[in-house]
Amino acid sequence: MLIAGFPAGAWGTNCYLVAPAAGEECVIIDPGHQAAQGVEEALAKHRLKPVAVVLTHGHIDHVASVVPVCGAHDVPAWIHPDDRYMMGDPEKGIGRSIGMPLMGELTVGEPDDVRELTDGAKLELAGMELTVAHAPGHTKGSVTFGLPEAADIPPILFSGDLLFAGSIGRTDLPGGSMDDMLASLARVVLPLDDPTVVLSGHGPQTTIGQERATNPYLRQVAAGQGAEAPRRGM
């Protein structure tokens with residue numbers, strides 16, 4: 001398994017390229033603000049051929065480079081239908097104007113081929129199986145992508161802005177809900193095995209075991225309570 005990740009743009013959003021190995025087909029996860037150049041560099045470095053872009057949610061810091069990346073490689077983009085509207089109107093996703101200087105750098109809109117994600121779907125892409133879990137809370141259409149354990153590689157969760165190392169995504173933007181967030185943590189995250197590697201939308205990687213032991217939100221969800229601690233992400 002090859003996973004090439006890098007933080008992109010003004011929000012430091014993690015973009016991932018995932019492939020069975022170097023020189024093979026790959027999936028691109030969350031090509032956000034100013035990610036297109038980093039994507040091209042990673043594709044060249046690892047000799048990868050993209051077959052799809054998949055999106056954990058619709059916020060502009062995760063989707064800003066979808067149009068140029070999909071257009072350059074003639075691949076579809078997958079997104080949950082509840083967040084699809086943000087691709088064409090990103091300001092609705094954050095409840096305010098992003099600002100003209102930043103907006104001038106963005107290609108707003110949908111790529112030619114947009115496909116919709118559903119809870120529990122299994123996407124057969126680039127010789128891999130990505131399992132989709134609908135996980136509202138940060139946005140109504142937030143999802144995670146799971147890769148099963150293989151050989152000496154533990155299971156992997158691409159958590160988007162559901163779960164971070166030591167924290168969770170914010171819930172105060174349009175479509176956000178703390179009740180939904182806590183329910184998603186309980187339903188999507190808590191059942192996962194401790195060795196599962198978590199690759200999130202912002203910040204460093206972690207594991208389910210580490211978060212189960214130290215993340216204040218996950219600990220209190222496990223105890224059947226709410227939690228209050230600093231949250232991150234756009």
One residue is enough: does region 58-65 have a residue meeting the conditions part of a loop (DSSP other than H, G, I, E, B), among the polar types (S, T, N, Q) and touching a residue at least 60 places away in the same chain (Cβ under 8 Å)?
no
Those residues of region 123-138 that are within 20 Å of Pro81 (Cβ to Cβ) and either buried (at least 24 other Cβ atoms within 10 Å of the Cβ) or free of Cβ contacts under 8 Å to residues at least 60 places away in the same chain (or both) come to a total of 9
Among residues of region 6-19 being open to solvent by less than 40 Å² (accessible area, probe 1.4 Å) and assigned to a loop (DSSP other than H, G, I, E, B), the residue nearest to Leu199 (Cα to Cα) is Gly12
Exactly one of Thr131, Thr118 is modelled with pLDDT of 95 or more, assigned to a strand (DSSP E or B) and within 21 Å of Ala183 (Cβ to Cβ), and that one is Thr131
Of the listed residues (Thr196, Thr171, Thr144, Thr214), the one being exposed (fewer than 15 other Cβ atoms within 10 Å of the Cβ) and of a type in the set (S, T, N, Q) is Thr214
If we ask which residues in region 21-51 are part of a loop (DSSP other than H, G, I, E, B), in contact (Cβ under 8 Å) with a residue 60 or more places away in the chain and open to solvent by 40 Å² or more (accessible area, probe 1.4 Å), their number turns out to be 2
Given the conditions (1) more than 30 Å from Leu48 (Cβ to Cβ); (2) open to solvent by 40 Å² or more (accessible area, probe 1.4 Å), every one holds for Ser184 apart from (2)
Scanning region 138-172 for residues that are small (Gly, Ala, Ser) and more than 21 Å from Arg219 (Cα to Cα), the one modelled with the lowest pLDDT turns out to be Ala151
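The values are calculated or read from the model by the stated rules, or taken from the named source; none is laboratory data. Since this is a predicted model, take the numbers as computed values, not measurements. Counting neighbours? That spans all protein chains shown, and the Cβs are built from the backbone with ideal geometry, glycine included. Heads up: the accessible areas ignore ligands, DNA and RNA and are worked out on the full protein's heavy atoms, side chains in. Shrake-Rupley method; radii C 1.70, N 1.55, O 1.52, S 1.80 Å.
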